[in-house]
1. Which is over 14 Å from the mean Cα position of the chain (by Cα) and of a type in the set (A, V, I, L, M, F, W, C), of V134, V169?
2. Within segment 73-137, which strands (runs of 3 or more DSSP E) (wholly inside it) include 3 or more residues that are open to solvent by 40 Å² or more (accessible area, probe 1.4 Å)?
3. If you scan segment 50-72, which residues turn out to be open to solvent by 30 Å² or more (accessible area, probe 1.4 Å) and among the hydrophobic types (A, V, I, L, M, F, W, C)?
4. Which pairs do you get when a residue that is touching a residue at least 24 places away in the same chain (Cβ under 8 Å), found in segment 54-79, comes within reach of a residue that is open to solvent by 40 Å² or more (accessible area, probe 1.4 Å) and in a helix (DSSP H, G or I), reach meaning Cβ atoms under 7 angstrom, with the pair 6+ apart or on two chains?
5. Looking at the structure I just gave you, is V142 assigned to a loop (DSSP other than H, G, I, E, B), among the hydrophobic types (A, V, I, L, M, F, W, C) and either within 18 Å of the chain's Cα centre (by Cα) or surrounded by 13 or more Cβ atoms within 10 Å (Cβ to Cβ) (or both)?
6. Name, by its number, the condition in (1) assigned to a loop (DSSP other than H, G, I, E, B); (2) touching a Pro at 6+ places or on another chain (Cβ under 8 Å); (3) open to solvent by 60 Å² or more (accessible area, probe 1.4 Å) that does not hold for D41.
Amino acid sequence: MSRIGKMPIAIPAGVTVTIGAENEVTVKGPNGTLSRKLHHDMIIKSENNEIIVERPSEDKMHKSLHGLTRTLINNMVIGVTDGFSKELEINGVGYRAQMQGKKLVLSLGYSHPVEYEAVEGITLEVPAPNKIIVKGANKEHVGETAAKIREYRLPEPYKGKGIKYIDEVIRRKEGKAGAKKK
């Protein structure tokens with residue numbers, strides 16, 4: 001039995017979950033509405049303020065879908081109540097970020113500033129010139145947006161310059177050993 005899949009999902013107050021035809025799950029809450037079509041084989045039931053996910057058989061595919069389906073629904077419930085966020089940190093001399101309206105403008109050592117406009121449902125905050133916070137209800141969109149911003153200047157291992165996640169550890173490398181300064 002899947003340890004994650006068999007755990008029920010508690011529905012908090014102010015959140016409504018509707019299970020439509022072909023396992024179309026829609027979750028409405030204070031942070032918005034999320035909808036997702038889940039695998040048609042999985043059995044999703046709503047009983048006394050809890051969502052229970054069951055699998056139809058002990059088939060290997062059903063076992064792997066059991067925990068996944070439960071986690072996807074749980075992430076939707078968490079997203080519409082609390083939301084998700086990822087923090088990015090910019091390291092490097094002259095590297096900085098700022099907001100211009102809804103656009104994120106990054107100065108990353110290129111000959112031009114890099115502009116990024118977030119998709120609908122994602123908010124970007126710049127509390128400091130070297131810090132970016134990506135927030136949203138959909139966990140996938142938050143992660144994708146943070147990854148796209150990080151891609152503009154990946155952290156390099158020699159000086160540590162670039163955009164990294166706040167909790168990411170960059171393995172540092174030593175420079176050339178035989179080079180002498182003149």
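The values are calculated or read from the model by the stated rules, or taken from the named source; none is laboratory data. What you see is a predicted model, and the numbers here were worked out from it, not measured in a lab. Here the Cβ is made from the backbone with ideal geometry for all residues, glycine too, and neighbour counts use every protein chain on show. Accessible surface is based on the protein model in full, side chains and every heavy atom, while ligands, DNA and RNA are left aside. Shrake-Rupley method; radii C 1.70, N 1.55, O 1.52, S 1.80 Å.
1. Values: V134 fails: over 14 Å from the mean Cα position of the chain (by Cα).
So the residue among V134, V169 that is over 14 Å from the mean Cα position of the chain (by Cα) and of a type in the set (A, V, I, L, M, F, W, C) is V169.
2. On the way: elements: 84-91, 96-100, 103-107, 114-117, 122-128, 131-136.
Correct list: 84-91, 96-100, 122-128.
3. Listed by number, the residues that qualify are I52, M61, L68, L72.
4. R55/K63; N75/K139; G79/K139
5. Numbers: assigned to a loop (DSSP other than H, G, I, E, B): no; among the hydrophobic types (A, V, I, L, M, F, W, C): yes; either within 18 Å of the chain's Cα centre (by Cα) or surrounded by 13 or more Cβ atoms within 10 Å (Cβ to Cβ) (or both): yes.
So V142 fails the test.
6. The failed condition is (3).
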